[in-house]
Amino acid sequence: MSAMAASEVLIDCQSVWKVFGDNARAALRAIADRGLSKTEVLQEFSCVVGVSDASIQVRRGEIFCVMGLSGSGKSTLIRLLNRLIEPSSGRITVKGQDLSGLRGQALRDMRAKHIGMVFQSVALLPHRTVLENAAFGLEVQGVARARRLEVAREALARVGLSDWAGRLPRELSGGMQQRVGLARALAADPEIILMDEPFSALDPLIRRQLQDEFRSLTKELGKSAVFITHDLDEAIRIGDRIAIMRDGVIVQVGTAEEIVLNPADGYVADFVAGISRLHLIKAHSVMYEPAAWARARPEVDVGALPRTHPEADIDALIGMVVGSGQEGVAVVDGGRIVGVVTPRGLLQGVRGTAPADLSVV
Amino acid sequence: MSLGDLAVSPGAWVAPAVEWLNVNLHPAFAAVTRAVEGLLGGMEAALLGPPAWGVIVAAGLLGWWLGGWRMAALAAGALGFCRGAGLWEASVETLALVVVAVALSVLIAFPLGVLAARRPRVEAGLRPVLDVMQTVPPWVYLIPAVMIFSLGPTPALIATVVYGIPPMLRLTTLAFRQVPREFLELGEASGAAPRTILWRIELPLARPTLAVGLNQCILLSLAMVVLAGLVGAGGLGAEVTRGLTRMEMGPGLRAGLAIVAIALLLDRLSRASLDGRRG
Ligand SMILES: Nc1ncnc2c1ncn2[C@@H]1O[C@H](COP(=O)(O)OP(=O)(O)OP(=O)(O)O)[C@@H](O)[C@H]1O
Ligand SMILES: [Mg+2]
């Protein structure tokens with residue numbers, strides 16, 4: 001995919017607010033004028049701030065994770081993206097169309113054709129077979145029965161459930177049901193898939209498996225996804241970029257590596273504290289400038305160091321340092337040495353801090 | 001002032017109101033009477049036209065289709081008993097009254113029930129009305145009905161419909177309320193129109209509770225239709241009334257058993273058709 005296409009913004013949220021309650025308008029005005037906090041709004045207007053001034057961009061082909069604790073406003077945010085919830089203020093554009101401008105059939109078409117959704121509760125219709133459930137989206141669109149069942153069968157095959165087409169949902173395990181939910185979303189062939197904690201109720205092993213399957217399937221089909229989770233490990237495993245939410249506010253957006261290395265505040269830092277850096281942090285984040293390193297260690301020949309690429313993770317780098325017995329590893333990009341990784345830099349990477357001052361290399 | 005003067009006497013204003021209705025809306029009531037009698041007459045003609053055994057076999061086939069051979073035996077057996085007891089015509093009249101009354105009750109209660117499930121205000125407005133409808137002793141409905149429509153099947157049918165509406169309406173509201181929120185979200189997120197959500201998502205999920213409502217509606221209607229024998233509705237109710245007024249045990253008991261047979265028939269067939277194995 002070219003750089004142009006990769007950076008095309010599919011979903012664009014600009015300063016979106018959602019305030020729940022009868023006095024939402026007044027509360028919103030008071031927030032703008034007096035900068036009230038979430039608790040103050042609750043006390044004064046008995047309104048709940050669900051999402052507070054959120055701005056995010058989801059690009060074509062990316063998996064965008066939203067991570068936050070229970071009640072942080074993740075479900076509210078994702079429901080704003082297909083307008084299951086109306087924003088109190090702000091602008092949401094999907095594929096260049098302002099959602100608030102869509103009426104009736106136009107909004108339904110947008111949901112049916114461009115934005116799929118998968119729910120934590122799966123919401124499979126209990127009286128329908130797996131196949132009929134997978135075909136539901138197409139049925140709603142008025143696709144003829146034979147055709148929609150054919151497409152649904154293909155979608156089931158993608159998630160490995162071909163043999164279960166004729167069963168009822170209750171005959172399936174939780175993991176399989178969640179796969180049907182995904183197949184149902186895929187059958188309508190939307191460009192964007194919204195996932196609200198789809199795997200939260202599953203046991204860890206199945207969950208890992210589904211995470212990997214979901215990621216490879218999404219990439220293979222070239223879909224974009226917004227994936228909600230309260231589990232940072234899951235966000236890191238699945239997401240290309242991660243947004244961290246607290247009390248309705250998006251406190252940080254970035255790749256897993258960026259967030260771990262430079263947490264925006266103490267809250268994010270606490271979150272990332274327990275995360276293993278071994279596969280997360282890459283050579284380019286912990287390497288020293290080759291020239292500076294050469295000055296600090298004139299006795300070592302940079303050209304003789306073992307070589308690797310900028311995307312090698314800490315785990316691999318440790319292996320190289322230990323295996324070679326050398327002072328460090330040279331990072332090569334485009335045939336040029338762009339940096340040097342030292343044991344000291346690696347130790348700091350493991351702790352999640354950027355490389356320290358070179359004077360003490 | 002004596003206590004008697006303080007006593008509430010709704011009859012004092014209900015009676016003139018009914019009187020006024022009678023004078024001013026007579027053509028409308030006459031039209032209702034004609035429509036009801038036409039409807040009932042049609043039903044009865046359809047059931048009494050063919051020989052009794054034909055109807056019994058047809059009921060057996062319907063039972064078989066809905067619930068296998070046991071249901072077939074039950075349906076044919078119930079009608080066979082009515083025929084054997086020499087109460088064929090009366091049974092058919094009762095059956096026709098119940099079927100028409102239930103159909104009308106459902107026609108009125110279902111949309112109102114759905115509306116009440118969606119709009120809390122509608123429900124709040126309906127609740128006291130339903131409470132009154134369900135606590136007033138059923139034969140009290142018969143009095144104004146007879147005053148307006150005079151004796152015959154029409155007041156019986158009207159009273160039965162009024163009596164059958166509350167259970168159906170309440171359970172319809174309950175059934176639609178019970179549909180989990182996530183399924184409605186699924187419908188919306190899939191881009192389904194409200195009508196599609198109603199028929200493809202809500203109705204199937206509400207069906208078991210709706211079946212209970214329909215069942216109650218049928219059984220209460222049957223009870224009311226029998227009671228309406230008092231006002232000349234004909235059918236098995238008339239047989240029971242005759243047994244009662246003449247203090248004859250035999251015919252009264254026979255008619256009572258026929259009523260039980262009809263109740264069984266309607267109860268099982270309606271249940272099988274709504275929450276059966278099909279669909
Ligand atoms: N319909 C509503 N009416 C009033 N308040 C609401 C409504 N929906 C959500 N909220 C409030 O908005 C806030 C955010 O809720 P939301 O469901 O988006 O959180 P979440 O991050 O998805 O949490 P969880 O992980 O538990 O699903 C909460 O304080 C919640 O009480
Ligand atoms: Mg949630």
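Any read-out appearing in this document is the output of simple, stated calculations on the displayed coordinates, not a laboratory observation. Please read these numbers as outputs of a predicted model, since none were measured by experiment. Positions of Cβ are backbone-derived with ideal geometry, glycine not excepted, and every protein chain shown enters the neighbour counts.
Whole number please: convex hull volume per residue, Cα atoms of the protein assembly as shown, in Å³.
Numbers: hull volume 156.8 nm³, N = 640.
With only Cα atoms used, the protein assembly as shown gives 245 Å³ per residue.
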Which of B:I143, B:V260, B:A72, positive extreme of dipole for chain B (C-beta unit charges): B:A72
Largest-first principal axis extents, alpha carbons of segment A:142-296, Å: 71, 35, 29
Rg to Rh quotient for segment A:135-230, alpha carbon positions, Kirkwood Rh: 0.95
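If you count, for each residue, the other Cβ atoms within 10 Å and average over each peptide, how do A:91-98, A:25-32, A:154-161 line up from highest to lowest?
Details: A:91-98: 15.4, A:25-32: 17.4, A:154-161: 18.9.
Highest-to-lowest ranking by the protection proxy: A:154-161, A:25-32, A:91-98.
Rounded to the nearest angstrom and ordered from largest down, what semi-axes does the equivalent ellipsoid of segment B:174-222 get from its C-alpha gyration tensor (root of 5λ)? Before the final figure, lay out each step's value.
On the way: eigenvalues 145, 19, 7 Å².
Semi-axes, largest first: 27, 10, 6 Å.
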Furthest towards positive pole of dipole, B:W13, B:A31, B:T173, structure part segment B:10-275, Cβ charges: B:T173
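So what is the relative contact order for chain A, in percent, with contacts set as C-alpha pairs under 8 Å and at least six apart? Show your work: numbers first, answer last.
Working: 662 pairs, mean separation 60.2, N = 361.
Once normalised by length, the contact order is 17 percent.
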Whole-Å distance, taken between Cα centres, linking segment A:95-119 and segment A:255-290: 36
Spatial separation of Cα centroids for segment B:12-28 and segment A:183-227, in angstrom: 67
Within straight-line cross-link reach of A:K18, lysines at Cα separation under 22 Å, skipping those fewer than 8 residues along the same chain: A:K38, A:K74, A:K95
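Normalised by the residues of segment A:189-275, what does the relative contact order come to in percent, with Cα pairs under 8 Å and at least six apart? Don't jump to the answer; show the numbers that get you there.
On the way: 84 pairs, mean separation 19.6, N = 87.
Worked out over segment A:189-275, it gives 23 percent.
What is the magnitude of the charge dipole of segment B:105-209 about its Cα centre, with +1 placed on the Cβ of each Lys and Arg, -1 on the Cβ of each Asp and Glu, and no other charges, expressed in debye to the nearest 20?
80
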Ellipticity estimate at 222 nm from DSSP helix runs (n ≥ 4, -39,500 (n - 2.57)) divided over the protein assembly as shown, nearest 500: -19000 deg cm²/dmol
Neighbour-count ranking [beta-carbon atoms within 10 angstrom, fewest first] of B:M168, A:M176: A:M176, B:M168
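From other protein chains only, count the Cβ atoms within 10 Å of every residue's Cβ in A:121-128, then give the mean. Display every interim value, and only then the final one.
Numbers: counts 6, 2, 10, 2, 7, 3, 4, 3.
What the average comes to for A:121-128 is 5.
Looking at chain A only, what percent of DSSP beta bridges run antiparallel? Nearest 5 please. Don't skip to the answer; put the middle values down first.
Working: 27 of 48 bridges.
Roughly 55 percent of the DSSP beta bridges within chain A come out antiparallel.
Suppose R0 equals 56 Å; then what is the FRET efficiency for A:A264 and B:L198 from their Cβ-Cβ distance, rounded to the nearest 0.05? All intermediate terms of the calculation are to be shown ahead of the outcome.
Details: r = 46 Å, r/R0 = 0.83.
It comes to 0.75.
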Principal axes of segment A:1-123: Cα extent on each, largest first, Å: 49, 32, 30
Prolate/oblate/rounded call for segment B:129-279, Cα gyration tensor, a/c under 1.5 rounded: prolate
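So how much slack lies between A:H309 and A:S162, counting 0.36 nm per residue of separation and subtracting their Cα-Cα distance, in nm?
Values: separation 147, 0.36 × 147 = 52.92 nm, distance 4.12 nm.
Roughly 48.8 nm would be gained on extension.
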Kirkwood Rh and Cα Rg combined as Rg/Rh, segment A:99-146: 1.03
20 Å cut-off, amide nitrogen to a point 7 angstrom out along A:A296 Cα→Cβ, residues in segment A:240-270: A:261-262
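Can you classify chain B as rounded, prolate or oblate using the Cα gyration tensor, where a ≥ b ≥ c are the square roots of its eigenvalues, rounded means a/c under 1.5, and otherwise it's prolate if a/b beats b/c and oblate if not? Could the numbers behind the result be given before it?
Details: a/c = 2.00, a/b = 1.07, b/c = 1.87.
Oblate shape, in that a/c is at least 1.5 and b/c is the bigger or equal ratio.
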Choice from B:I143, B:I197, B:I218 showing the highest fluctuation, given a GNM over chain B with Cα pairs closer than 10 Å: B:I197
Intensity falloff of segment B:75-124 expressed as log10 I(q)/I(0), Debye formula with alpha-carbon point scatterers, at q = 0.28, 0.29 Å⁻¹: -0.95, -0.97
Dipole moment magnitude, nearest 20 debye, the protein assembly as shown about Cα centre, only Lys, Arg, Asp, Glu C-beta charged: 1280
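Find the Cα radius of gyration of segment A:283-360, compare it with 2.2 N^0.38 Å by division, and give the number to two decimals.
On the way: Rg = 11.1 Å, N = 78, 2.2 N^0.38 = 11.5 Å.
So segment A:283-360 has a normalised radius of gyration of 0.97.
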Residue-count net charge about B:E44 - beta-carbon cut-off 11 Å; Lys, Arg +1, Asp, Glu -1: -3
Simple spin-label estimate for B:A46 and A:V9 in nanometres, 7 Å along Cα-Cβ: 6.4
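With the cut-off at 1.5 for a/c, could you classify chain A from its C-alpha gyration tensor as rounded, prolate or oblate? List each step's numbers first, then the result.
Values: a/c = 2.34, a/b = 1.47, b/c = 1.59.
Oblate is the answer for chain A, as a/c is 1.5 or above yet b/c matches or exceeds a/b.
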Separation in nanometres of the label points that stand 7 Å from Cα toward Cβ, at B:E19 and A:A106: 6.3
DSSP beta bridge pairing in the protein assembly as shown, given as percent antiparallel to the nearest 5: 55
Value of relative contact order over segment A:283-360, rounded to a whole percent, pairs C-alpha under 8 Å and six or more apart: 39
Mean projected area in nm² (Cα convex hull; one quarter of hull surface) for segment A:128-175: 3.2
Surrounding net charge for B:G234, when Lys and Arg each add one and Asp and Glu each subtract one, Cβ distance under 12 Å: -4
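Within segment A:273-361, which GluC sites (Glu not before Pro) sit in a loop by DSSP and count at most 10 neighbouring Cβ atoms inside 10 Å? Working shown, then result.
On the way: sites: A:E299, A:E311, A:E327; in loops: A:E299, A:E311, A:E327.
For GluC sites (Glu not before Pro) across segment A:273-361 that sit outside H, G, I, E and B with at most 10 neighbouring Cβ atoms in 10 Å, the list reads A:E299.
Just want the ordering: A:D247, A:D270, from fewest to most Cβ atoms lying within 10 Å of their own Cβ. Mind dumping the intermediate values first?
On the way: A:D247 18, A:D270 10.
Least to most surrounded, the residues fall as A:D270, A:D247.
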³J(HN,Hα), Karplus 6.51/-1.76/1.60, whole Hz, each residue of segment B:22-37, x for Gly, Pro: 4, 6, 8, 10, 4, x, 5, 5, 5, 5, 4, 4, 4, 4, 4, 5
